[in-house]
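A short worksheet on the structure shown next.
None of the figures in this text is laboratory data; all of them are computed from the coordinates on show. All values derive from a computational prediction rather than experimental measurement. Here the Cβ is made from the backbone with ideal geometry for all residues, glycine too, and neighbour counts use every protein chain on show.
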Amino acid sequence: MQDNSRLPIGFLSDERVLWHGNPIPNKSLKNAEKPFLIFGGAILLLTLILILIKEIKVVLIGCLPIIIICLAVAGTYFFFEYKRQQTFFIVTDRRIIRSEGVFSKKLYDVKYRQVANVVLKYNSRSRLGEIMIKLDGIKFNKENPDEIRFGTIENVVTVYNLIQKQLSEYKGKV
């Protein structure tokens, strides 16, 4: 039995969660943080040394802007990482759900009868992929008016097959 307590929505009494997940972190950002930490650490160390030898003018002119830029880049990185952790993809036996947002939650909730097509993009080298769920006559927003995206998830083929199975079961009931 899956732990659904950390999922951001409530479920119907007879609804079962078949799968849920978050997007996978971008590996290129993970590799980019090491040089950033080395550079930022060196500037911070230089700033501390200059403060200790009382070169406040050099700190204010040279180091302070660089430290502010480093803090802004680090803050942006942590914000987007937190946003990724707050994005949930959920497949139940009745509907498909995407929940996202940090300050305000956006919830995309689609029943299987509203699904027109499901498209899979799979990268065999990384074994990650993306699922695009095309909707039939529903418009959520201006950017992607007729689809929900499950982006960069592990076991994407398994999730795709699960959605296809649920669609075929729904069509079999109609």
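Here the relative contact order of region 50-174, from alpha carbon pairs under 8 Å that lie six or more residues apart, stands at 15 percent.
If the segment from F11 to F80 were pulled out straight at 0.36 nm per residue, it would be longer than the present Cα-Cα gap by 22.1 nm. State the extension gain, in nm to one decimal, for the chain segment bounded by K34 and E55, taking 0.36 nm per residue of separation less the distance between their alpha-carbons. Here the segment from K34 to E55 would lengthen by 4.7 nm. For region 88-131, chymotrypsin sites (Phe, Trp or Tyr not before Pro) meeting the loop criterion (DSSP other than H, G, I, E, B) and having at most 14 other Cβ atoms within 10 Å: F103.
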